Amino acid sequence: MASGAPLDVQRIRADFPILSRQVNGHTLTYLDNAATSQKPTQVIQSLVDYYERYNSNVHRGVHTLSIEATEAYEDARGKVQRFINAPSPESIIWTRNTSESLNLVAYTWAEANVGAGDEIVTTAMEHHSDIVPWQQLAYRKGATLKIIRETETGRLDMEQAAEFITERTKIVAATHMSNVLGTVNDVKALADAVHRVGGVMLVDGAQSVPHMPVDVQALDCDFMAFSAHKMLGPTGIGVLYGKPEILEVMPPWMFGGDMILEVTFEDASWNDLPYRFEAGTPNIADAIATGAAVDYLAELGMDRVWAHEQQITAYALDKFKDLNGITLLGPREVEDKGAVISFSHDSVHSHDLGTALDQLGIAIRTGHHCAMPLVRSHGIISAARASFYIYNTEAEVDILVDGLNEAEEYFSKAGIL
Amino acid sequence: MQSGLGDLDELYQEVLLDHYRNPRNTDRLEEPASEVDAVNPFCGDEIHMQLGMDGERVAKISVSGQGCSISQATGSLLTEIVEGKTPDEARALRELFRGLMMGEDLTDDQLDELEDSVALQGVRRFPVRIKCALLSWSALSDALDKVAPAG
């Protein structure tokens, strides 16, 4: 496909069987992509192929099926490696999801390298899965957790970041893109700052890797975590990227088959990377399907994916200006903002809005978005969120806006405005 | 444009909307016999409940909080039937209400006992909202256990 040309969204939509589903008498308008994306036929079919044709355990047998399964499984690792421009396949560790990737770092690298009096720096925009592991680490170690706040325009306060990152900082853990505000953070600047003081940079890429070109070497991050299910892949599988020289000396976490080199009744030695961090039979089918998802995105081109999402976000931000009673969270303009629009209504709770939109076949997220501290810092306990992906159209933004107007009218008649 | 929101009327009955707009019994008690904060971890809705006892009976109940129309209106509606009841009678009401939410067939007498809370029957058709309706009732159960442990 020509690079730079806009995505052929109608052709993309034809690859997603679920998009023709009827919900409450309306064609589904799926706007909950920051929670999980839908899956194209190519990904679904790769799961079926595996189970129908070469289902087998990996790294174990000499028979044909096992060889095919192992090849496909390792092939998928290579696809992910190239997708984020990691230096080697060994730097890609399969996990269950972003949360497990983040916990892996907290329980291995951080457990070995963070001590009493050390500091961990994170941000006010993190998902619970990038806050709670660091809180628990700080309790265990007697370390201090510092939180970089959000500015009034929904950006990260980089002046405060410069203040917080000091000789005592061992690790900075920051989201590349906020799942609530949509803000894209300058994680390269944070990485540079923490490297100057000898610490490491961990990036939560759950919302960025599915939506924009991500190059872990250009960002110079030491770790990056993300999940397959938000980028057209199946649930139950995620990735931890780590710089090879760091992974090489990092202690293992879970023990068992595949991660050992040699075992006696008294002791064991550890296998090479990345298997040292992949104990037990891995999630073979979903890893292979993640490879199919990455193929699909790479074929589209991530710069075109990003351009499509910028366009639809700009369109939605403009349409939202005319809505009554709606307050947006995060940046009001598309610069440094991904395809996530969170909002609250002055008098209608987000769940009531969400139920009304569901009646119209529109799926949005409502609630605290697993970011309670951030949502509460905006003086609310709950927000609604529409998030877009490669198959969403401006017509669907119009459906959302019409739906919000209809809901407003309904609740106004009901007397709760 | 054809309105697709008509089915919502079953959920948002007038009596529920009335309690959402003007919640009853929200004044905090000075010396509650029991006090509970309940939070729905999935959505963050909050209910603060206080009980004042007069001997064996719930003399006064106060409910306040933040959240959706269903969770907040249920809390207000609940206060109207729980006042004056003994802890065991209140627990029996909770069982009836839970039965109502789970789609059990209640007798006319049982429905009468729930009074206006019967208006929440429509929540059944929106299963994901049932937990909103049960938040205050589970707060009540915890508050009752503090004054009179279930036998």
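The values are calculated or read from the model by the stated rules, or taken from the named source; none is laboratory data. All values reported here derive from a predicted model rather than from experimental measurement. Cβ: placed from backbone, ideal geometry, glycine included. Neighbour counts: every protein chain shown. Ligands, DNA and RNA are excluded from the accessible area calculation, which covers all protein heavy atoms including side chains. Shrake-Rupley method; radii C 1.70, N 1.55, O 1.52, S 1.80 Å.
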Give me the dipole magnitude in Debye, nearest 20, for segment A:114-212 about the Cα centre, with unit charges on the beta carbon: positive for Lys and Arg, negative for Asp and Glu.
320 debye
For segment A:44-299, with +1 on Lys and Arg beta carbons and -1 on Asp and Glu, the positive-most of A:Val197, A:Ala112, A:Ser178 along the dipole:
A:Ser178
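Kindly flag which residue pairs out of A:Lys79/A:Lys141; A:Lys141/A:Lys243; A:Lys188/A:Lys337 have an alpha-carbon separation exceeding 26 Å in this structure.
Cα-Cα > 26 Å for A:Lys79/A:Lys141; rest within.
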Residue separation between B:Arg125 and B:Glu35 times 0.36 nm, minus their alpha-carbon distance, gives in nm 29.2 nm
Subtracting the Cα-Cα distance from 0.36 nm times the residue separation, let me have the gained length for A:Leu145 to A:Ala116 in nm, one decimal.
9.3 nm
Both in Å, the radius of gyration and Dmax of the C-alpha trace of segment A:8-110 are 18.0, 53
With every protein chain kept in place and a 1.4 Å probe, the residues A:Phe411, B:Phe42 fall, from largest accessible area down, as B:Phe42, A:Phe411
Taking chain A as a Gaussian network, where each spring joins two C-alpha atoms under 10 Å apart, which residue of A:Glu262, A:Glu111, A:Glu309 fluctuates the most?
A:Glu262
Got the relative contact order for segment A:299-417 handy, in percent, Cα pairs under 8 Å and 6 or more residues apart?
30 percent
For Cα pairs less than 8 Å apart in space and 6+ apart in sequence, what is the mean separation divided by the residue count of chain A, i.e. the relative contact order in percent?
22 percent
Can you compute the charge dipole magnitude of the protein assembly as shown about its Cα centre, using +1 on each Lys and Arg Cβ and -1 on each Asp and Glu Cβ, nothing else charged? Give it in debye, rounded to the nearest 20.
820 debye
What number comes out for accessible area per residue over segment A:192-337 if the probe is 1.4 Å? Units Å², please.
39 Å²
Using only Cα atoms, find the angle between the long axis of helix B:69-82 and the longest principal axis of chain B, and express it within 0 to 90 degrees, rounded to the nearest 10.
40 degrees
Summarise the accessible area of the protein assembly as shown (1.4 Å probe, protein heavy atoms) by the percent that is carbon and sulfur.
49 percent
Pick out which of A:His63, A:His368, A:His308 has the largest mean-square fluctuation in a Gaussian network model of chain A, springs linking Cα atoms closer than 10 Å.
A:His63
Given B:Ser117, B:Asn25, B:Val39, which one lies farthest toward the positive end of the charge dipole of chain B, if we put +1 on the Cβ of every Lys and Arg and -1 on the Cβ of every Asp and Glu?
B:Val39
Buried on assembly, segment B:26-44 (at least 50 Å² less accessible surface than by itself, 1.4 Å probe):
B:Cys43
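At 1.4 Å probe radius, can you tell me the per residue accessible area of segment A:1-142 in Å²? Present the calculation step by step, with values, prior to reporting the outcome.
On the way: 6450 Å² over 142 residues.
Spelled out: the 1.4 Å probe surface of segment A:1-142, per residue, equals 45 Å².
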Which residues of segment A:311-352 bury at least 20 Å² of accessible area once all protein chains are present, versus their chain alone (1.4 Å probe)?
A:His349, A:His351, A:Asp352
Within the under-11-Å Cβ sphere about A:Asp220, not counting A:Asp220, Lys/Arg +1 and Asp/Glu -1 give a net charge of -1
List of segment B:5-21 residues, accessible area with partners at least 10 Å² below that of the chain alone (1.4 Å probe)
B:Leu5, B:Asp7, B:Leu8, B:Asp9, B:Tyr12, B:Leu17, B:Tyr20, B:Arg21
Mean Cα-pair separation over length for chain B, i.e. relative contact order, pairs under 8 Å, 6 or more apart, %:
28 percent
Rounded to the nearest 500 deg cm²/dmol, what is the calculated helix-only ellipticity per residue at 222 nm for chain A, with -39500 (n - 2.57) per DSSP H run of length n ≥ 4?
-11500 deg cm²/dmol
Stretched out fully, how many nm does the piece from A:Asp318 to A:Leu417 gain, at 0.36 nm a residue minus the Cα gap?
33.3 nm
Please identify, among A:Val197, A:Val214, A:Val397, the residue showing maximal mean-square fluctuation in a Gaussian network model of chain A using a 10 angstrom Cα cutoff.
A:Val197
Lys and Arg at +1, Asp and Glu at -1: add these up for the other residues within a Cβ distance under 13 Å of B:Gln72 and post the number.
-1
Among the lysines, which fall within straight-line cross-link reach of B:Lys60, defined as a Cα-Cα distance under 24 Å, with same-chain neighbours fewer than 8 residues apart omitted?
B:Lys85, B:Lys146
Can you give the net charge of the other residues whose Cβ lies under 12 Å from the Cβ of B:Val36, counting K and R as +1 and D and E as -1?
-4
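Provide the buried accessible surface between chains A and B in square angstrom, both chains summed, 1.4 Å probe, rounded to the nearest 100.
On the way: alone 17340 and 8080 Å², together 23390 Å².
Interface between A and B: roughly 2000 Å².
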